[in-house]
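A.B. asks: Before we start, here is the structure in question, set down as structure tokens.
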Amino acid sequence: MAVVLTGQDGLSADQARGFKPTAQPYQFGVCTAEAIAAGNPICSVNPDSVPKAIDVITPNGVSQADELNPSSAPVDIQSVTIP
């Protein structure tokens, strides 16, 4: 089992808050305006294709940025055993 933290949205079919290129009211942002201006590759990903997650517990040695990176699709969230 994997536990993923997301934002609730009572108006969408999956009840999870979506993403836009930058943060907007009631929408998370894929990137900041500064990251877009700097040409960060993750900013060119379609916001509808990013995982609807804002936090995950990752295995040792795996960063959240790597685990949730939509530019290396498909995103596969790994399970972590918690004693």
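A.B. asks: For region 7-33, how many residues are without any contact (Cβ under 8 Å) to a residue 12 or more places away in the chain and surrounded by 15 or more Cβ atoms within 10 Å (Cβ to Cβ)?
C.D. replies: Matching residues across region 7-33 total 2.
A.B. asks: Return the pair list, or none, for Cβ contacts closer than 7 Å from residues in region 64-83 that are closer than 18 Å to residue 48 by Cα to residues that are part of a helix (DSSP H, G or I) and modelled with pLDDT of 85 or more, at least 6 apart or on different chains.
C.D. replies: Listed pairs, sorted by first residue: 69/42; 70/42; 70/49; 71/41; 71/42; 73/49; 77/67.
A.B. asks: Looking at 42, 82, 77, 36, which is the one that is in a loop (DSSP other than H, G, I, E, B) and either surrounded by 12 or more Cβ atoms within 10 Å (Cβ to Cβ) or touching a Ser or Thr at 6+ places or on another chain (Cβ under 6 Å) (or both)?
C.D. replies: 77
The values are calculated or read from the model by the stated rules, or taken from the named source; none is laboratory data. This structure is a prediction, so every number in the text was calculated from the model and none was measured. No Cβ is skipped: glycine too gets one built from the backbone with ideal geometry, and neighbour counts run over all protein chains shown.
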